[in-house]
1. Kindly indicate the residue of segment 180-195 that is farther than 17 Å from ASN66 by Cα and open to solvent by 70 Å² or more (accessible area, probe 1.4 Å) and also modelled with the lowest pLDDT among those meeting that condition.
2. List the residue pairs whose Cβ atoms are under 9 Å apart, where the first residue sits in segment 198-226 and is free of Cβ contacts under 8 Å to residues at least 12 places away in the same chain, the second is open to solvent by 10 Å² or more (accessible area, probe 1.4 Å) and part of a helix (DSSP H, G or I), and the two are 6 or more positions apart or on different chains.
3. Evaluate the following for ILE65: is it open to solvent by less than 40 Å² (accessible area, probe 1.4 Å), out of contact with any His (no Cβ under 6 Å at 6 or more places or on another chain) and within 25 Å of THR213 (Cβ to Cβ)?
4. Given the residues LEU90, LEU171, which is the only one that is closer than 19 Å to GLY14 by Cα and at pLDDT 95 or above?
5. Out of the residues in segment 114-152 meeting the condition of being among the charged types (D, E, K, R) and under 20 Å from LEU43 (Cα atoms), tell me which one is surrounded by the most Cβ atoms within 10 Å (Cβ to Cβ).
6. Can you tell me which residues in segment 7-59 are out of contact with any helix residue (DSSP H, G or I) (no Cβ under 6 Å at 6 or more places or on another chain), more than 20 Å from LEU103 (Cβ to Cβ), open to solvent by less than 90 Å² (accessible area, probe 1.4 Å) and not hydrophobic (A, V, I, L, M, F, W, C)?
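The values are calculated or read from the model by the stated rules, or taken from the named source; none is laboratory data. All values derive from a computational prediction rather than experimental measurement. Cβ placement follows ideal geometry from the backbone for every residue including glycine, while neighbour counts extend to all protein chains displayed. Each accessible area value is taken on the protein alone, full model and side chains, heavy atoms only, with ligands, DNA and RNA left out. Shrake-Rupley method; radii C 1.70, N 1.55, O 1.52, S 1.80 Å.
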Amino acid sequence: MIGKPSAVVIGTTGGIGKALCEQITAQNTFEKVFCFGRPEFELRDEASIAAAAEEVADFNVTLVINAAGFLHNPMQMPEKNFRDLNVESLSHCFAINAIGPALIFKHFTPFLPRDSRSVVAHLSARVGSIGDNNLGGWYGYRASKAALNQIIKTASIELKRTHPKAISVALHPGTVETKLSEPFSSNKTNRKSPEEAAKNLLAVIDSLSTDQTGGFFDWSGSSIPW
């Protein structure tokens, strides 16, 4: 695919996704910025993901960012212990945080350029790190983000065979002032605005090299243990 690069941002109904879409558009470096969010785009619906991918098929997509994720809703909060575990909650976490992102790889990566740099970045979370887990709890969110990290790593290996200049990474944005983190952060001094988080993430993406594909990085570009 020739032509000016285009970008895709998924999860633009959330605070970080919306800020990413706005900042990438404002850069004016992409021919088109596709911004996908609910209700038209639904990570639990493969047909929805496939339809969105078809929209970008004729463009030179060099950047795909998935900022969608699930931690809680009014009916479902993160588990504190074994007693809180149930099939429906765990399935919902995995559907949005792991299965949906895997299907993004399936449907969007065929449109990446084979001979030039491209980036596929999914927002993960530090609590998805197995090596960094010292507190326990939050089973569904932790496990589904750990699964996402494995999917990203595995996809990076496959992509390297067909798209040697493609970069697949997991990114931790830090604690951001969004509805997702609102009930769980009492220390407001360490919280970032969605705009600041988006700026940090885009800086990390711009700095990535192909030898960092398959990595897990925080908002400052520091590596996070698996």
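1. SER186
2. Between residues of segment 198-226 that are free of Cβ contacts under 8 Å to residues at least 12 places away in the same chain and residues that are open to solvent by 10 Å² or more (accessible area, probe 1.4 Å) and part of a helix (DSSP H, G or I), the close pairs are SER223/GLN212.
3. yes
4. Details: LEU90 fails: closer than 19 Å to GLY14 by Cα.
Selected residue: LEU171, the only one of LEU90, LEU171 that is closer than 19 Å to GLY14 by Cα and at pLDDT 95 or above.
5. Within segment 114-152, the match that is surrounded by the most Cβ atoms within 10 Å (Cβ to Cβ) is LYS145.
6. Listed by number, the residues that qualify are THR25, GLN27, THR29, LYS32.
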